[in-house]
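Trainee: Please see the structure below; I have some questions.
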Amino acid sequence: MYLSQTNLDELRDKVENKKGFQIALAPMQPATFQNVKIATDKLYQQLVEAGFSVLVDDRNQRPKNMFEVIEFLGVRHRVVISERSLSAGVYEYKDLKSDTFKKVAVNNILEFIQKRLFDL
């Protein structure tokens, strides 16, 4: 679910009925950096096809604002996609419950997330 395309009632229903999101994607400046938007859309599609419930905060907000919304909604796993991380060939993963932070290779992100979510 893309946050910019959802309405408040839809979002409230998802959270209140305990059908929350497993993973949140936080793309940094996707309107400025086309590769960030492309990478976000691709990862979103991979995760949805793998059966995960995914939220994408694509509202072009400052990172702090995006992170606060993700935490408020109770999403445990966050992946940041930025121009800098893509240039390094990684995504920035954070487990918000254990405060674990890790840079994960773009090629390995799906496998990494599957392992994190199913091993917990």
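Trainee: For segment 3-114, count all C-alpha to C-alpha pairs, find those more than 18 Å apart, and express that count as a whole percent of the total. Before the final figure, lay out each step's value.
Mentor: Values: 2856 of 6216 pairs.
Every Cα pair in segment 3-114 considered, those over 18 Å come to 46 percent.
Trainee: Next question. Summing +1 for each Lys or Arg and -1 for each Asp or Glu, what net charge is found among the other residues whose Cβ lies under 10 Å from the Cβ of ILE23?
Mentor: Local charge sum for ILE23: +3.
Trainee: For the chain, how many pairs of lysine residues have a Cα-Cα distance under 21 Å, where the two are 8 or more positions apart or belong to different chains?
Mentor: So the count of such lysine pairs works out to 22.
Trainee: Then there's this: How high is the relative contact order of segment 3-114, in percent, counting Cα pairs under 8 Å that sit 6 or more residues apart? Mind showing how you got there, number by number?
Mentor: On the way: 156 pairs, mean separation 30.5, N = 112.
Computed value for segment 3-114: 27 percent relative contact order.
Trainee: What does the helix-only formula give at 222 nm for the chain: each DSSP H stretch with n ≥ 4 adding -39500 (n - 2.57), the total divided by the residues, and the result rounded to the nearest 500 deg cm²/dmol?
Mentor: Counting only the DSSP helices, I get -12500 deg cm²/dmol.
Trainee: Label points 7 Å out from Cα along the Cβ direction at ASN35 and ARG59: separation in nm?
Mentor: Reported label-point gap for ASN35 and ARG59 is 2.8 nm.
Trainee: Using the 10 angstrom Cβ neighbour count as an exposure proxy, how do ILE70, ILE109, ILE81, ILE38 rank, fewest first? Could the numbers behind the result be given before it?
Mentor: Details: ILE70 23, ILE109 19, ILE81 27, ILE38 14.
Going from least to most buried by this count: ILE38, ILE109, ILE70, ILE81.
Trainee: Hey, another quick one. Which of MET1, MET28 comes first, and how do the rest follow, when ranked by fewest Cβ neighbours within 10 Å? Please list the in-between numbers first.
Mentor: Working: MET1 14, MET28 21.
Ascending Cβ contact count within 10 Å gives the list MET1, MET28.
Trainee: Treating only the Cβ of Lys, Arg, Asp and Glu as charged (+1, +1, -1, -1), what charge dipole size does segment 3-114 show about its Cα centre? Round to the nearest 20 debye. Intermediate values should be presented prior to the final figure.
Mentor: Working: 16 positive and 15 negative charges, 51 e Å.
For this selection, approximately 240 debye.
Trainee: Looking at the chain, send over the antiparallel percent of its DSSP beta bridges, to the nearest 5.
Mentor: Given both bridge residues lie in the chain, the antiparallel proportion sits at roughly 55 percent.
Trainee: Using a 10 Å cut-off around each Cβ, can you sort ARG76, ARG84 from fewest to most neighbouring Cβ atoms?
Mentor: By the 10 Å Cβ count, ascending, the order reads ARG84, ARG76.
Read-outs: derived from the displayed coordinates by stated rules, not from any lab. Keep in mind the model is a prediction, meaning the values are calculated, not measured. Using ideal geometry, Cβ is built from the backbone for each residue, glycine included, and neighbour counts are taken over all protein chains shown.
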